[in-house]
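The structure appears below as structure tokens.
The values are calculated or read from the model by the stated rules, or taken from the named source; none is laboratory data. None of these values were measured; they are calculated from a predicted model. Methodologically, a virtual Cβ is constructed for each residue, glycine included, from the backbone with ideal geometry; neighbour enumeration extends over all protein chains shown.
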Amino acid sequence: MAMHLRHETWAGTESILNRMNNLRSHPRRLRAITLAAGAFAAFALLVAGQSQIASATPSPATHPQSGSGAAKPSIVLVHGAWADGSSFTPVTLALQAAGYKVLVAPNPLRSLENDTKVLADFLAQKTSGPVVLVGHSYGGMVMTGAASGNANVKALVYIDAYAPDAGESAQSLTNAQPGSLLNVPATDVFDFVLPAPDAPQALYDSYIKLDKFKAIFAASLPTVETNLLAASQSPAALASIGSPFVGTPAWKTVPSWFVIGTADQLLPKAEQEIMAKRSNGQITRIDAPHLSMLAKPLQVTKVILDAARSVK
């Protein structure tokens, strides 16, 4: 059943579009652009993809269930390193419009062990019933551990993400295949902030250099947007990206979906393919950089909806 857009919804979005076109001629108004972008992106998802999504997406008003009579799963989004939950804004709005409960989980980026526990506790206390876990980049490392042994997690969606096996770290997977712009001396791409002069390296906070961020993360996005993302990035402690995965990965028992950005300059496409295939995951390849959910939110949303609809 198609999702119907009321006239007032279109009128409001048309106003947003007009404001955005006007604002683009005034680069100093970054705050106004940012406020409008999320709402406009969500509308673009719903309109541009209506013909593609409608046939498989029930109207939330008339079909509040997923699968064969089962309650719709909650969808939990886990951001990666050098990002935050706002990287999921267009996708979050589109999923909510499709009638799903969406939660953006915290990811402290302190260490893999700590971050995994934080997500596991979040799932235990903030969700009930079936869950679709969605991880971007390093968020895939975290959800692979947090979902292990959690019977409520019914599907995993990896977006340009790490799907580790035991003993693998984000760093080792990044460097396993050629092509990552991070596979250079660390001081070429990172600035570091030390919590104390004598702090061990594992506790160093890493920031991607402002002039490197666009090429590494999102080369196809407008520079005004990547500059904002670079300025607001969340630092990752080196312990998070260097810690090996311990335990049984959830993808060995939970159905998995993979969105692979073929223009990813951070996590090489070749390595994403290897992880997806060993997981027996369903693969969707899109022409997008590492932040594919911002570059191609429609395609990413469709994959998440496919995973959600699989939950019985």
Selection from region 207-229 of residues that are over 23 Å from LYS269 (Cβ atoms), under 22 Å from the mean Cα position of the chain (by Cα) and not in a loop (DSSP other than H, G, I, E, B): TYR207, LEU210, THR223, VAL224, ASN227, LEU228
Residue in region 158-168 that is in contact (Cβ under 8 Å) with a residue 12 or more places away in the chain, surrounded by 24 or more Cβ atoms within 10 Å (Cβ to Cβ) and among the β-branched types (Val, Ile, Thr) present: yes
Filter result for LYS214 (over 22 Å from PRO106 (Cα atoms), surrounded by fewer than 20 Cβ atoms within 10 Å (Cβ to Cβ) and not aliphatic (A, V, I, L, M)): no
Residue in region 111-123 that is in the same structural domain as PRO249 (by TED's automatic domain parsing), free of Cβ contacts under 8 Å to residues at least 40 places away in the same chain, in contact with a strand residue (DSSP E or B) (Cβ under 7 Å, 6 or more places away or on another chain) and closer than 15 Å to GLY140 by Cα present: no
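So, ARG285, is that one in the same structural domain as ALA155 (by TED's automatic domain parsing), touching a Lys or Arg at 6+ places or on another chain (Cβ under 9 Å) and at pLDDT 95 or above or not?
yes
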Helices (runs of 4 or more DSSP H) within region 46-151 that include 2 or more residues among the basic types (Lys, Arg) and modelled with pLDDT of 95 or more: 112-126
Count of residues meeting criterion [more than 12 Å from the chain's Cα centre (by Cα) and hydrophobic (A, V, I, L, M, F, W, C)] in region 282-302: 4
Scan of region 255-267 for residues that are part of a loop (DSSP other than H, G, I, E, B) and buried (at least 22 other Cβ atoms within 10 Å of the Cβ), ordered by number: ASP264, LEU266, LEU267
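Would you confirm, using the coordinates I've provided, whether PRO200 is farther than 23 Å from GLN272 by Cα, loosely packed, with under 14 Cβ neighbours inside 10 Å and assigned by TED's automatic domain parsing to the domain that holds LYS269?
Spelling it out, PRO200 is indeed farther than 23 Å from GLN272 by Cα, loosely packed, with under 14 Cβ neighbours inside 10 Å and assigned by TED's automatic domain parsing to the domain that holds LYS269.
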Failed condition for GLY247, given (1) assigned to a loop (DSSP other than H, G, I, E, B); (2) over 16 Å from the mean Cα position of the chain (by Cα); (3) crowded, with 24+ Cβ neighbours inside 10 Å: (3)
Checklist (1) within 16 Å of GLY145 (Cα to Cα); (2) in contact (Cβ under 8 Å) with a residue 40 or more places away in the chain; (3) surrounded by fewer than 20 Cβ atoms within 10 Å (Cβ to Cβ) applied to SER172, failing item: (1)
